[in-house]
Ligand SMILES: Nc1nc2c(c(=O)[nH]1)N[C@H]1C(S)=C(S)[C@@H](COP(=O)(O)O)O[C@H]1N2
Ligand SMILES: [Mo]
């Protein structure tokens with residue numbers, strides 16, 4: 001049996017041919033815009049061997065590669081004052097998959113000055129390139145697999161929590 005085109009391309013370290021997924025990166029950013037897996041692959045790559053538990057399918061193990069979500073989002077210019085650590089604490093990151101599954105992370109969770117979670121925006125899953133499917137969120141610190149959102153179509157960075165309704 002021959003290898004699939006995706007497996008062959010993964011082995012060769014190149015993208016599989018075919019339709020290319022795009023991630024809409026929006027929100028309180030100086031440089032929003034669409035992201036492709038090819039563009040993510042051009043950044044510094046990290047490898048994560050992970051284990052997580054799924055409520056329905058049990059223990060799962062995978063190997064992912066890709067850039068750090070923090071690096072990608074920092075380059076997009078989040079609208080906080082980078083010199084003031086406190087100013088980052090109100091930022092949220094919402095991540096959505098093609099099927100509508102979505103989750104929210106806090107900026108501080110992935111910030112090297114705070115939670116330092118090494119969250120990846122993966123471009124490969126067990127050696128298969130994700131150009132067609134779209135990148136996958138990888139959270140090595142999570143015991144449960146539910147936030148490992150695959151087929152990411154949108155990431156929204158939101159810092160719009162300047163005032164509490166009943167502050168005072
Ligand atoms: N887009 C999307 N990603 C998703 C889900 C989903 O429903 N939609 N389910 C999550 C859950 S609950 C788990 S446990 C893992 C399972 O990943 P695996 O079956 O590839 O190991 O995917 C996660 N990623
Ligand atoms: Mo799951």
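FYI, it's all coordinate maths here, none of it is from the lab. As the structure is a computational prediction, the values presented were derived from the model and not from experiment. For neighbour counting, all protein chains shown are included, and Cβ atoms are generated from backbone atoms with ideal geometry for every residue, glycine included.
Among the residues of the stretch 24-35, is any within 16 Å of ligand 1 (Cβ to nearest atom), part of a loop (DSSP other than H, G, I, E, B) and under 21 Å from residue 152 (Cβ atoms)? No - not one qualifying residue is present in the stretch 24-35.
Residues that are touching a helix residue (DSSP H, G or I) at 6+ places or on another chain (Cβ under 9 Å), surrounded by 15 or more Cβ atoms within 10 Å (Cβ to Cβ) and under 21 Å from residue 143 (Cβ atoms) within the stretch 116-128 comprise 117, 118, 119, 120, 121, 122, listed in sequence order. Looking across the stretch 40-70 at every residue that is in a helix (DSSP H, G or I) and in contact with a helix residue (DSSP H, G or I) (Cβ under 9 Å, 6 or more places away or on another chain), the one that is nearest to ligand 1 (Cβ to nearest atom) is identified as 69. Reported count of residues in the stretch 74-100, each being within 19 Å of residue 131 (Cα to Cα) and surrounded by 14 or more Cβ atoms within 10 Å (Cβ to Cβ), is 4. Residues of the stretch 90-149 that are farther than 21 Å from residue 20 by Cα, away from ligand 2 (no atom under 16 Å from the Cβ) and assigned to a strand (DSSP E or B): 92, 93, 94, 104, 105, 106.
The requirement of being surrounded by fewer than 13 Cβ atoms within 10 Å (Cβ to Cβ), more than 16 Å from ligand 2 (Cβ to nearest atom) and within 14 Å of the chain's Cα centre (by Cα) is not satisfied by residue 40.
Of all the criteria given as (1) within 16 Å of ligand 2 (Cβ to nearest atom); (2) within 21 Å of residue 24 (Cα to Cα); (3) surrounded by 15 or more Cβ atoms within 10 Å (Cβ to Cβ), the one not satisfied by residue 62 is (2).
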